[in-house]
1. Applying the selection to the stretch 255-271, what residues are in a helix (DSSP H, G or I) and either touching a helix residue (DSSP H, G or I) at 6+ places or on another chain (Cβ under 8 Å) or of a type in the set (S, T, N, Q) (or both)?
2. Determine if the stretch 182-199 includes at least one residue that is under 19 Å from residue 100 (Cα atoms) and in contact (Cβ under 8 Å) with a residue 40 or more places away in the chain.
3. I'm told residue 208 meets every condition in (1) touching a His at 6+ places or on another chain (Cβ under 7 Å); (2) farther than 29 Å from residue 300 by Cα except one. Can you identify the failing condition by its number?
4. Out of the residues in the stretch 159-181 that are touching a residue at least 60 places away in the same chain (Cβ under 8 Å), open to solvent by less than 20 Å² (accessible area, probe 1.4 Å) and closer than 20 Å to residue 79 by Cβ, which is nearest to the chain's Cα centre (by Cα)?
5. May I ask you to list pairs of residues, at least six apart or on different chains, whose Cβ atoms are under 9 Å apart, with the first in the stretch 222-251 being without any contact (Cβ under 8 Å) to a residue 24 or more places away in the chain and the second being assigned to a strand (DSSP E or B)?
6. Looking at the structure I just gave you, is residue 308 closer than 16 Å to residue 256 by Cα and modelled with pLDDT of 95 or more?
7. With open to solvent by less than 10 Å² (accessible area, probe 1.4 Å), among the hydrophobic types (A, V, I, L, M, F, W, C), within 16 Å of the chain's Cα centre (by Cα) and more than 23 Å from residue 302 (Cα to Cα) as the only criterion, which of 107, 115, 123, 156 stands out?
8. Scan the stretch 272-287 and report the pairs whose first residue is over 20 Å from residue 170 (Cβ atoms) and assigned to a helix (DSSP H, G or I) and whose second residue is of a type in the set (A, V, I, L, M, F, W, C) and modelled with pLDDT of 95 or more, with Cβ atoms within less than 7 Å and a gap of 6+ or a chain change.
Amino acid sequence: MWMGSILAGPVALVAAFLLLLPAASLAQLQVGFYNTSCPNAEALVRQAVTAAFANNSGVAPGLIRLHFHDCFVRGCDASVLLTVNPAGGKTEREAPPNFPSLRGFEVIDAAKAAVERSCPQTVSCADILAFAARDSINLTGNTFYQVPSGRRDGRVSNDSEALQFLPNPNSTAQVLTDGFGVKGLTAEEMVVLSGSHTIGRSHCDSFLFKNRERLANRTISPAYQALLEALCPPTTGPTTLITTEIDVSTPTALDNNYYKLLPLNLGLHFSDDQLIRNATLAPFANNFAANETLWKEKFVAAMLKMGNIEVKTGSQGEVRLNCSVVNPSSSAAGIEMLMFPGGASDAPPDDVATS
């Protein structure tokens, strides 16, 4: 069946994880949030993701990354989907960490259209994005899990915040650990979530030049770097659209081969290679290389925790009618952003859990 074999380990870990969440968080997000208001919401999202995946398997890593990039900036509020900043200026979607590499927007739009036809003004874009990421994990890794929902959509999106909070492929181990820590994620969870690089592709500009330094330091295979040099043009820059698989062995399967490649000096990015160069992080990477079941269990738990970052619930935010623009009545939010650059109305109150 489509949902695949539901692993006993991930299910038990999810249950344990939900029990450990603060009570306020459990009250905000819940499995089956739409059971009454839109009982077919998750099925409609699943259908849209499955149809897109059948046409192009690359949408799966794109949707997982889209959810991650959303949650790391202003929390999981679908701000990454906005094409217009109500206050003027560029959006997260236009920031260098996201453009031109971020993908999957059309799948979210298709899912939203289907859900709106069935249940108008009910299901948030933020929840659709979380469901789509889960479905992508199942399609590529044969691992299904329940996703708590009830998120609301934000009204603010700034490119500067994407630059501030999103990890860089050239980041050191310390920068990566600190960046995830700001979002309430541990060093181990950073290594766990990095394993999503086992699927997907990366643009030449994100690895080519830093890897030349790695070649001099003997932390990348010379043969591998030669292949990358042959692939990427000498004029490589931010607008170069040539890409390569991040995992050279099983690029379409969500498995633990990503970790197995690192000791062979076959990590594509400097940040990938950092996982085995740091004394704190290396044991985690080695454990996941040796035990795929362990990694998948922890990956599911980390995805759930990430999906709970700075969520908006209740009367916060809105349920967008169109995922790429705020609702017409929300245009005043742009004025507020000018008055409160931190986005006061979108900031969760003190009792909202951020991890």
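The values are calculated or read from the model by the stated rules, or taken from the named source; none is laboratory data. These numbers come from a predicted model, not from an experiment. Positions of Cβ are backbone-derived with ideal geometry, glycine not excepted, and every protein chain shown enters the neighbour counts. Side chains included, ligands, DNA and RNA excluded: accessible areas come from the protein's heavy atoms. Shrake-Rupley method; radii C 1.70, N 1.55, O 1.52, S 1.80 Å.
1. Listed by number, the residues that qualify are 257, 258, 259, 260, 262, 263, 270, 271.
2. yes
3. Failing condition for residue 208: (1).
4. Only one residue fits best here, namely 166.
5. That search, which allows pairs on different chains as well, returns 227/244.
6. Numbers: closer than 16 Å to residue 256 by Cα: no; modelled with pLDDT of 95 or more: yes.
When the stated conditions are applied, residue 308 does not pass them.
7. One residue alone meets the criteria, 107.
8. These pairs meet every condition: 284/191; 287/294.
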